[in-house]
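S.K.: This is the structure I want to talk about, given as structure tokens.
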Amino acid sequence: MTTREAAAGVGREERFVATAAEMFLSLDGEIRVGGHYVGLVEHDGLAYISGQIPRVHDAVAVTGRVGAETSLAEGCRAARICTMRALALLRQRPGGLARVRRVLRMTVYTQSAPDFVRQSEVADAASDLLHAILGDAGVHARTSVGAFTLPKNAAVELDLLVAVEPEECPS
Amino acid sequence: MTTREAAAGVGREERFVATAAEMFLSLDGEIRVGGHYVGLVEHDGLAYISGQIPRVHDAVAVTGRVGAETSLAEGCRAARICTMRALALLRQRPGGLARVRRVLRMTVYTQSAPDFVRQSEVADAASDLLHAILGDAGVHARTSVGAFTLPKNAAVELDLLVAVEPEECPS
Amino acid sequence: MTTREAAAGVGREERFVATAAEMFLSLDGEIRVGGHYVGLVEHDGLAYISGQIPRVHDAVAVTGRVGAETSLAEGCRAARICTMRALALLRQRPGGLARVRRVLRMTVYTQSAPDFVRQSEVADAASDLLHAILGDAGVHARTSVGAFTLPKNAAVELDLLVAVEPEECPS
């Protein structure tokens with residue numbers, strides 16, 4: 001793709017769909033949450049995305065502590081699923097991934113063994129995927145830490161802040 | 001209340017006061033912090049609220065690891081106190097809770113036992129309370145993780161990002 | 001300095017350089033990161049700074065768990081190095097530290113011993129340094145938590161959100 005095409009979001013949709021297929025992920029349904037919060041809040045050109053765990057349908061696909069019962073490779077797979085879920089939340093809105101101007105910040109929590117200190121490598125799996133699908137718009141500031149425990153024993157959780165184009169006026 | 005009243009912030013003050021009374025919480029004094037930071041920074045229509053622990057006057061009301069010496073119910077109580085403190089910081093500013101347009105993001109840290117994975121239920125207590133007091137304006141994006149340790153052995157800590165109406169010009 | 005000078009950022013550069021010298025820190029080189037993320041993203045008047053660990057050149061200067069093999073004093077030193085790195089990222093941009101309007105939020109993660117609950121004191125070292133160099137513009141909202149593990153066994157990691165003056169138009 002040309003820089004201009006990348007800037008216009010050309011190909012993002014196709015790359016998202018191809019990546020989901022490679023990962024055998026089905027993310028077409030609405031991503032629901034329980035309780036009085038939502039997966040994504042949009043305000044003043046920014047999309048705040050809730051912490052995503054590697055849930056696929058009703059099960060968490062990758063659980064456990066990375067560096068102990070869960071391998072680094074599995075941790076990276078978890079990070080990629082979380083990233084796809086975050087993108088799916090953006091994608092199910094009008095305008096989809098083409099509205100993404102820039103991923104501003106990502107925070108990645110890796111449920112870690114006591115001596116596991118390679119959280120950056122887990123986070124790289126998420127960062128690389130954002131770049132692969134969104135191009136330069138996917139390059140972000142990042143914080144990566146080792147969590148003691150995560151909801152539902154998820155191996156990884158991550159959240160995003162994303163700058164988006166203004167919504168079109170309803171016609 | 002009608003949707004229009006809710007949107008205008010009608011009843012928020014009353015619900016805050018009633019909830020504080022039910023919880024036997026006195027939050028009328030200034031919430032102070034030591035050191036060179038503050039409880040709330042407002043900039044360009046957003047209020048950044050510092051991490052709140054379940055402090056009541058000079059003591060932390062709920063300490064310990066949730067899932068070990070501290071029960072899930074106590075964790076939920078801690079989350080509610082933190083939420084009330086965050087709202088108290090908003091409330092002590094000119095215009096008070098009526099200026100809240102939308103809670104954009106909440107991050108909830110639960111000091112957890114090694115096998116405690118119900119952090120979402122602790123966070124739900126905070127989310128539910130935001131909704132109960134602020135209505136739809138209280139529905140937010142959320143990240144919920146298990147912390148290893150928290151300041152002063154607090155059971156829960158949470159922070160908020162809140163969109164607020166512009167301040168009135170000083171007359 | 002007068003309030004007006006402080007507001008205009010007078011002396012920040014000098015204080016940064018003097019502090020770096022006192023700490024024997026060399027931060028003049030570009031701070032690089034691996035992978036598809038960056039140290040700082042600027043968007044719409046806000047600078048999002050990636051999580052900084054106390055890295056000096058190719059080594060992490062302060063490692064280990066604070067409260068166990070690493071002392072509180074060493075944790076504070078780690079927090080100060082992280083802060084200087086974050087400021088160095090702002091400083092290497094056109095306009096440098098003079099463009100800082102306000103530090104809006106800081107999140108401080110301290111890699112903690114199981115019973116270490118003085119994370120606020122570690123974070124104070126970072127808050128105090130921001131204030132010492134930036135004056136009132138360095139006073140921020142803050143969240144301070146105890147992390148289980150941090151990348152490369154770092155004792156502390158912190159990230160910042162900073163409001164900055166608009167960039168000058170390129171001539």
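The values are calculated or read from the model by the stated rules, or taken from the named source; none is laboratory data. Bear in mind that the values here come from a model prediction, so they are computed numbers and not experimental data. Reconstructed Cβ throughout: ideal geometry from the backbone, glycine too, with neighbour counts over all protein chains shown.
S.K.: For B:Val108, only one of the following conditions fails: (1) crowded, with 24+ Cβ neighbours inside 10 Å; (2) without any contact (Cβ under 8 Å) to a residue 24 or more places away in the chain. What is its number?
M.R.: (2) is the only condition that B:Val108 fails.
S.K.: Here's a follow-up. Contact list please: Cβ distance under 6 Å, first residue in the range A:136-162 and touching a residue at least 60 places away in the same chain (Cβ under 8 Å), second residue in a strand (DSSP E or B) and of a type in the set (Lys, Arg), pairs at least six apart or on different chains.
M.R.: Listed pairs, sorted by first residue: A:Ala137/A:Arg102; A:Leu161/A:Arg105.
S.K.: Read through the list (1) assigned to a strand (DSSP E or B); (2) more than 29 Å from A:Gly39 (Cα to Cα); (3) not aliphatic (A, V, I, L, M), then give the number of the only condition that B:Gly35 fails.
M.R.: The number of the failed condition is (1).
S.K.: Looking at B:Asp44 and the list (1) touching a Gly at 6+ places or on another chain (Cβ under 9 Å); (2) buried (at least 21 other Cβ atoms within 10 Å of the Cβ), which single condition is not satisfied?
M.R.: (2)
S.K.: Is it fair to say C:Ala78 is touching a residue at least 60 places away in the same chain (Cβ under 8 Å) and over 30 Å from A:Thr149 (Cβ atoms)?
M.R.: In short, no.
S.K.: Report, by residue number, each residue of the range B:43-73 that is facing chain C (nearest Cβ under 9 Å) and more than 16 Å from C:Val145 (Cα to Cα).
M.R.: If the condition is that a residue be facing chain C (nearest Cβ under 9 Å) and more than 16 Å from C:Val145 (Cα to Cα), then B:His43, B:Asp44, B:Leu46, B:Ala47, B:Tyr48 are the ones that fit.
Table: residues versus (1) touching a Ser or Thr at 6+ places or on another chain (Cβ under 7 Å); (2) under 23 Å from C:His43 (Cα atoms); (3) at pLDDT below 90.
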residue: A:Ala6; (1), (2), (3): no, yes, yes
residue: A:Glu13; (1), (2), (3): no, no, yes
residue: A:Phe24; (1), (2), (3): no, no, yes
residue: A:Gly34; (1), (2), (3): no, no, yes
residue: A:Tyr37; (1), (2), (3): yes, no, no
residue: A:Asp44; (1), (2), (3): no, yes, no
residue: A:Val66; (1), (2), (3): yes, no, no
residue: A:Ser71; (1), (2), (3): no, no, no
residue: A:Leu87; (1), (2), (3): no, yes, no
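S.K.: Please go through the range A:117-171 and give me each residue that is part of a loop (DSSP other than H, G, I, E, B), more than 7 Å from every other protein chain (Cβ to nearest Cβ) and under 20 Å from C:Asn153 (Cα atoms), ordered by number.
M.R.: Within the range A:117-171, the subset part of a loop (DSSP other than H, G, I, E, B) is A:117-118, A:139, A:148, A:150, A:155, A:165-171.
The next check asks that each one be more than 7 Å from every other protein chain (Cβ to nearest Cβ); those that pass are A:118, A:155, A:165-171.
Residues satisfying the conditions are A:Arg118, A:Ala155.
S.K.: Output the residue which, of all residues in the range A:48-64 that are part of a strand (DSSP E or B) and β-branched (Val, Ile, Thr), is modelled with the lowest pLDDT.
M.R.: At the first step, the residues of the range A:48-64 found to be part of a strand (DSSP E or B) are A:48-52, A:55-56, A:59-60, A:63.
The next check asks that each one be β-branched (Val, Ile, Thr); those that pass are A:49, A:56, A:60, A:63.
Numbers: A:Ile49: 98, A:Val56: 90, A:Val60: 96, A:Thr63: 98.
Out of the qualifying residues, it is A:Val56.
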